[in-house]
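Novice: Here it is: the structure, laid out below.
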Amino acid sequence: MAFDELQKTWQSQQASFKLTIDSDMLLREVKRNKRFFESAVFWRDVREGGGSILMSVVFLYFGLRMDIWSLYVTALLTLSVGIFVIVDRIIQKRKRPELTGALMGYIENSLAQVVHQIWLLKNVLWWYLLPLGGAIAFFICHVAWLIRDLPGRGLIFLSVYCVFCVLLFWGVYHLNQRAVRKELNPRKEELEQLLNSLKNANGI
Amino acid sequence: MANKQEEIFKQWLDEHKKLMFKVVKTYACSPADQDDLFQQILLQLWSSIPNFQGNAKETTWIYRVALNTALVWKRGKVRKQRRHHKLIIDFNGASDIQQSSCNSMRNDQILGKLYGAIRQLSKIDSSVVLMYLDGVSYDEMADILGISKSNVGVRLNRAKKKLAQLLKGIIDGF
């Protein structure tokens, strides 16, 4: 059999597709999936960006109510994390790969997105953990200073709280680095390989 | 606008489902994966309709969406995210040749081996072969992939050689 015949055999399979699709059912399914994805993305943004903003409002409220100025600083640092997340999301949405463009451009853009994700997670210490950790540490130090004359219980509570925060942040940091190693780096390599294969006519 | 979008979607599904089936069968093996990829392609196709202004041919547009989705698709990702786990299309049933003549059974066997061989090529080469077999012109292939026409030619030649090796006994010497 020559390639021409193979091509004919391939094209003949079109006639053999006997299955009829219920387009109304598929349309319903597609719409449901779309709603599901949109809602998942929306709630992820709310969780990651809105959570920090909500916390900053809570800190500000208690700062004003209890007249503890260190809570203003805590609110400000927490707010900065929320704003960073939201601004980053908006920028990334604008850079989203154009699905109807050529494959080369689509893979390049997808790769750029993965590289950005890796950058975010590798630097989670600087834009997430340090501002939040700094905010909490600042508040704890101020409270410790305010209750310095009280007997030991308050200080013990603050120390335990401090250790808890350090462990929590350490865990969050390592979870992020694991995601980079296990998921994002292999994905990046896969896309780079695809891109190189596409750019180089002589192949991999 | 929503009605128009639905109308176009149904029309594309009706006229070009075979194209989508072939892309899905090339890039996904198991029924669950095929279902995942098919749904992902449909989802992207639905979202792309508002941007379709008729400048590109329908098949070029659908090929772009289907191939872009398939090549960047991550196995099992959609299934994990989706609420519904029921398969919406049985691809094995869809591709079965219903006629029972010897000739069609032989074609069925050849097609099965051909899909197997295409899956062994690199992802990019698979897409070139897929389009070549479907009779897509070099110009369109270059447009869909974002590479030069000569690059398409070189790549296709190389892919055909590999395919001939993989399908020894079916394809005459290349």
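The values are calculated or read from the model by the stated rules, or taken from the named source; none is laboratory data. Remember, predicted model here, so these are calculated numbers, not experimental data. Reconstructed Cβ throughout: ideal geometry from the backbone, glycine too, with neighbour counts over all protein chains shown.
Novice: For residues in segment B:118-155 being of a type outside the set (A, V, I, L, M, F, W, C) and more than 10 Å from chain A (Cβ to nearest Cβ), which is surrounded by the most Cβ atoms within 10 Å (Cβ to Cβ)? Steps first, please.
Specialist: So in segment B:118-155, the residues of a type outside the set (A, V, I, L, M, F, W, C) come out as B:119-120, B:122-123, B:125-127, B:132, B:134-135, B:137-140, B:143, B:146, B:148-151, B:153, B:155.
Those still in the list that are more than 10 Å from chain A (Cβ to nearest Cβ) too: B:119-120, B:126, B:137-140, B:149.
Values: B:ARG119: 15, B:GLN120: 12, B:SER126: 23, B:SER137: 13, B:TYR138: 17, B:ASP139: 11, B:GLU140: 18, B:LYS149: 13.
Per the criteria, the residue is B:SER126.
Listed here are the residues, each with its yes/no results for (1) surrounded by fewer than 22 Cβ atoms within 10 Å (Cβ to Cβ); (2) of a type in the set (S, T, N, Q).
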| residue | (1), (2) |
| --- | --- |
| B:LYS10 | yes, no |
| B:ASP14 | yes, no |
| B:LEU19 | yes, no |
| B:VAL23 | no, no |
| B:TYR27 | no, no |
| B:PHE38 | no, no |
| B:LEU42 | no, no |
| B:SER47 | yes, yes |
| B:ASN68 | no, yes |
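Novice: So A:LYS122 passes all but one of these: (1) buried (at least 16 other Cβ atoms within 10 Å of the Cβ); (2) in contact with a helix residue (DSSP H, G or I) (Cβ under 7 Å, 6 or more places away or on another chain); (3) not small (Gly, Ala, Ser). Which condition number does it fail?
Specialist: With (1) buried (at least 16 other Cβ atoms within 10 Å of the Cβ); (2) in contact with a helix residue (DSSP H, G or I) (Cβ under 7 Å, 6 or more places away or on another chain); (3) not small (Gly, Ala, Ser) applied to A:LYS122, the lone miss is (1).
Novice: Are there any pairs with C-beta distances below 9 angstrom linking a residue in segment B:126-139 that is in the same structural domain as B:VAL154 (by TED's automatic domain parsing) and in a helix (DSSP H, G or I) to a residue that is buried (at least 21 other Cβ atoms within 10 Å of the Cβ) and charged (D, E, K, R), with the two at least 6 apart or on different chains, and if so which?
Specialist: So the pair list comes out as B:VAL128/B:ARG155; B:LEU130/B:LYS22; B:LEU133/B:LYS22.
Novice: What are the residues in segment B:103-117 that are facing another protein chain (nearest Cβ under 10 Å) and touching a residue at least 40 places away in the same chain (Cβ under 8 Å), if any?
Specialist: B:ILE110, B:LEU114, B:TYR115
For (1) under 16 Å from the mean Cα position of the chain (by Cα); (2) within 18 Å of A:ARG96 (Cβ to Cβ); (3) more than 14 Å from chain B (Cβ to nearest Cβ); (4) not small (Gly, Ala, Ser), each residue gets a yes or a no:
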residue	(1), (2), (3), (4)
A:ARG44	yes, yes, no, yes
A:GLY63	no, no, yes, no
A:ASP67	no, no, yes, yes
A:VAL73	no, no, yes, yes
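Novice: Here is a follow-up. If I filter segment A:152-195 down to residues being within 14 Å of another protein chain (Cβ to nearest Cβ) and surrounded by fewer than 13 Cβ atoms within 10 Å (Cβ to Cβ), which single residue comes out as farthest from A:TYR128 (Cα to Cα)?
Specialist: Within segment A:152-195, the match that is farthest from A:TYR128 (Cα to Cα) is A:GLU189.
Novice: If you take the residues of segment B:95-117 that are more than 16 Å from B:TYR27 (Cα to Cα) and either modelled with pLDDT under 60 or of a type in the set (Val, Ile, Thr) (or both), which of them is surrounded by the fewest Cβ atoms within 10 Å (Cβ to Cβ)?
Specialist: That would be B:SER100.
Novice: Moving to a separate point now. How do the pairs read when you match residues in segment B:17-41 that are among the hydroxyl-bearing types (Ser, Thr, Tyr) with residues anywhere that are not in a helix (DSSP H, G or I), using Cβ under 8 Å and keeping only pairs 6 or more apart or on different chains?
Specialist: So the pair list comes out as B:TYR27/B:TRP73.
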